[in-house]
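Visitor: Take this structure, written in structure tokens, and hold onto it; I'll ask about it next.
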Amino acid sequence: MFKMLKVLKTILPILFFFCVWQILSMMGILNPRFLPPPIEIIQKFVELLTTDDFVIDITQSIKRVLIGFVIASLFGIGLGIFCGMYKFIYNFINPIVEMFRPIPPIAWIPLAILWFGLGDNPAFFLIFCGVFFPIFTNTYLGISSLDEIYKRAAWSLGASRRLFITDVLVPSALPYIFAGLKIGLGVGWMVVIIAEMVGAQSGLGYMIQLNRTILEIPSVIVGMFTIGCIGFVMNKFMTFFEHVLIPWKYN
Amino acid sequence: MKIEFKNIIKSFAVKNNHDIINVLDDISFEVKNSEIFCLVGPSGCGKSTIINLMAGFIFPDKGEISMDNKLVNGPGPQRTVVFQEHAIFPWKTVRGNIEFGLKCKNLSKSKINDEVNCLLKKVKLESFADRYPDELSVGMKQRVAMARAFAVKSEVVFMDEPFASLDSQTRDILQEELLNIQIELKQTIIFVTHNIDEAIFLGDKIAVMSHRPAKIKEIIQVGYERPRSASIRNQPYFFELKNKIWLSLRDEI
Ligand SMILES: Nc1ncnc2c1ncn2[C@@H]1O[C@H](COP(=O)(O)OP(=O)(O)OP(=O)(O)O)[C@@H](O)[C@H]1O
Ligand SMILES: [Mg+2]
């Protein structure tokens, strides 16, 4: 009962938003050529769902972002752990990382297409460029902020190097690592759409871009909302994993 | 294991200005094998510093620390510590914390389980085995820390005010439990406390420290044999000792 009330509280404002939009369209204040009414968009959405192309676009985008995200996570977490453990590695790696970090993934597009052509590979590369940095930085921060007292406790209990890493260092940094993963996935989802708009023949980004050129505005908006919904669901998934993997923080 | 603390001088740099503070000023003492050696002294005099030095976490400016004639050059599993800040791992359950030290030894799963259950019982935390430290009271955390340290059965245990936040009943019970464990495992124990009763009840020797820069003011032989019964707390000799230590300590506070 209480939960339903909470859901209602979130849904009601959204419903209100769409109603106002619909009414403004019906009153002729919003030009349907620039902004079609919500009813039309919903009809379009239902229609598109029955087509193979749209479903393939969705799965393509998700596939790309997940692969790119996993690769970037492995590198980011791995390097972050090494840097957190060994100051001299950090001192060497960090200037290089800081040199590349300010370059937005979009700026890599020309090189990505030159190096990898069109399709999946430039997308993976661009996603990597966006996702790696937040994950690396957060992992490093988590590992290097381990309180001295826990290190002392582990050593004086005779922890082997391996046990120290698996049972002390990594779990203590997990909240930080997850913060990085969440930011990273958000960035990755943005980047994959951009990458597909310029360098792919499939995916939601491509679909939006294609429909723009043929002035199929309802389809463009359906694409946009789909992107939003998937992003929302992915974030919920990450939060779920976070709660499962870090029970001591969320019980 | 025999511990020798020879002519130790230790100072720390003060962070904000370029001063240094001298904490330990030429301290020497010796702890015999299987002895319980208590340290009492005013707050901030350097008791935790002595523990950190003996555990090998920090190093003296001058002097030598040795265990069975081998110089201490870093932490090791023969010397476990029960920290003043308890330092149990927040990401592990009570069971996980106690298990930690045992995982480094080549023990079977069932053996580890038995040991942990036995310790959980001793510190009366059976029903909290699967809770995380955040859900425990300070006193419970201290009991976990103690169980974790005793699980590894090291030859030397350093305990830095381990019972400070316990109620006096639990404290009495754990003191007796500590003596029982010690009789069983014959560990050498260095025990820091503010509580004179506790020092007398547990200790073979009690070192009274002066205020900073600290020296050992005197070392008092307690003289009670072990095992000790709780009733010694009511003997006139116990009060006599307590008075003597209190007089000695009072000048320093
Ligand atoms: N790492 C450090 N850096 C600078 N000063 C330190 C450091 N560790 C301890 N000190 C100083 O050394 C002195 C002794 O500290 P220590 O923690 O050993 O005292 P203590 O006797 O254990 O006190 P308490 O009874 O309150 O626990 C204190 O004045 C403290 O400020
Ligand atoms: Mg202290």
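Visitor: Per q in 0.09, 0.12 Å⁻¹, report the Debye log10 I(q)/I(0) for chain B, using one uniform scatterer on each alpha carbon and no solvent.
Guide: Taken in order of the listed q values, log10 I(q)/I(0) reads -0.40, -0.72.
Visitor: Diagonalise the Cα gyration tensor of region B:151-253 and give the resulting equivalent ellipsoid semi-axes, square root of 5 times each eigenvalue, largest first, whole Å.
Guide: Numbers: eigenvalues 98, 59, 36 Å².
So the equivalent ellipsoid measures 22, 17, 13 Å along its semi-axes.
Visitor: In whole Å, how far is the Cα centre of region A:53-105 from that of region A:143-204?
Guide: Answer, in whole Å: 10.
Visitor: Can you compute the radius of gyration and Dmax for region A:177-251, using only the Cα atoms, both in Å?
Guide: That works out to 15.7, 53 Å for Rg and Dmax.
Visitor: Quick one: Cα convex hull volume of chain A, Å³ per residue?
Guide: 169 Å³
Visitor: For the cross-link pairs B:32/B:186; B:186/B:215; B:205/B:242, which exceed 23 Å when the distance is taken from alpha carbon to alpha carbon?
Guide: Going by Cα-Cα distance, B:186/B:215 fall outside the 23 Å limit.
Visitor: Evaluate the charge dipole of region A:64-246 about its Cα centre and quote only its size in Debye, nearest 20, assuming +1 on the Cβ of each Lys and Arg and -1 on the Cβ of each Asp and Glu. Write down the numbers at each step before the final one.
Guide: On the way: 10 positive and 8 negative charges, 65 e Å.
The calculated dipole for region A:64-246 is roughly 320 debye.
Visitor: Return the tail of the calculated pair distribution for the protein assembly as shown, meaning the percent of Cα-Cα pairs more than 29 Å apart.
Guide: Tail of P(r) above 29 Å: 64 percent of Cα pairs.
Visitor: Here's another thing I want to ask about it. Just to confirm the filter: which trypsin sites (Lys or Arg not before Pro) across region B:74-140 are DSSP coil and have at most 16 other Cβ within 10 angstrom of their Cβ?
Guide: The qualifying sites are B:105, B:124.
Visitor: Right, here's the next one. How big is D for region A:141-193, in µm² s⁻¹ as a whole number, if Stokes-Einstein is applied with the Kirkwood radius of its Cα pairs at 37 °C and 0.692 mPa s?
Guide: Answer, rounded: 262 µm²/s.
Visitor: Which cross-chain or sequence-distant (5 or more) residues have an amide H under 5 Å from the amide H of residue B:84, H modelled 1.01 Å from N in plane?
Guide: B:160
Visitor: I need the fraction of alpha carbon pairs in region B:89-153 separated by more than 15 Å, rounded to a whole percent.
Guide: Across region B:89-153, Cα pairs with separations above 15 Å total 41 percent.
Visitor: From Cα pairs below 8 angstrom and at least 6 apart in sequence, can you work out the relative contact order of region A:64-246, rounded to a whole percent? Please list the in-between numbers first.
Guide: On the way: 220 pairs, mean separation 47.5, N = 183.
RCO, region A:64-246: 26 percent.
Visitor: Which value, in nm² and rounded to one decimal, describes the direction-averaged projected area of the C-alpha convex hull of region B:40-162?
Guide: Spelled out: convex hull of the Cα atoms, projected over all directions, averaged, 8.8 nm².
Visitor: Rolling a 1.4 angstrom probe over the protein heavy atoms, how many square angstrom per residue are accessible across chain A?
Guide: Normalised by residue count, the accessible surface of chain A is 57 Å².
Visitor: Springs between alpha-carbon atoms under 10 Å, Gaussian network over chain A: tell me which of A:38, A:218, A:95 tops the mean-square fluctuations.
Guide: A:95
Visitor: Calculate, axis by axis, the spread of Cα positions in region B:185-231 along the three principal axes, and write the results as whole Å, longest axis first.
Guide: Result for region B:185-231: principal-axis Cα extents of 36, 23, 17 Å.
Visitor: If you average the alpha carbon positions of region B:179-215 and of region A:7-35, how far apart do those two centres end up, in angstrom?
Guide: The distance from the Cα centre of region B:179-215 to that of region A:7-35 comes to 75 Å.
Visitor: Looking at region A:200-251, which chymotrypsin sites (Phe, Trp or Tyr not before Pro) are DSSP coil and have at most 16 other C-beta atoms within 10 Å of their C-beta? Please report the intermediate quantities before stating the final value.
Guide: Working: sites: A:206, A:225, A:232, A:237, A:240, A:241, A:248, A:250; in loops: A:248, A:250.
Passing sites in region A:200-251 are A:250.
Visitor: Rank A:128, A:88, A:16 by mean-square fluctuation in a GNM of chain A with C-alpha springs under 10 angstrom and give only the top-ranked residue.
Guide: A:16
Visitor: Roughly how tilted is helix B:236-250, in degrees to the nearest 10 and between 0 and 90, from the longest Cα axis of chain B?
Guide: 60 degrees
Visitor: Build a GNM of chain B with springs between Cα atoms under 10 Å: which of B:147, B:230, B:164 gets the top mean-square fluctuation?
Guide: B:230
Visitor: Here is a further query. What is the calculated FRET efficiency for residue B:64 to residue A:89, with r their C-beta to C-beta distance and R₀ = 25 Å, to the nearest 0.05?
Guide: After rounding to 0.05, the efficiency reads 0.15.
Visitor: Taking 41 Å as R0, compute the FRET efficiency from the Cβ-Cβ separation of residue B:219 and residue A:148 and round it to 0.05.
Guide: Given R0 = 41 Å and the Cβ-Cβ separation, E is 0.85.
Visitor: Can you give the direction-averaged projected area of the convex hull of the alpha-carbon atoms in region A:16-90, in nm²?
Guide: Details: hull surface 36.2 nm².
Over all viewing directions, region A:16-90 projects a mean Cα-hull area of 9.0 nm².
Visitor: Also, quick follow-up: Cα axis of helix B:94-103 to longest principal axis of chain B: angle in degrees, 0 to 90, nearest 10?
Guide: 80 degrees
The values are calculated or read from the model by the stated rules, or taken from the named source; none is laboratory data. Everything numeric in this text was worked out from a predicted model, so none of it was measured. Methodologically, a virtual Cβ is constructed for each residue, glycine included, from the backbone with ideal geometry; neighbour enumeration extends over all protein chains shown. Each accessible area value is taken on the protein alone, full model and side chains, heavy atoms only, with ligands, DNA and RNA left out. Shrake-Rupley method; radii C 1.70, N 1.55, O 1.52, S 1.80 Å.
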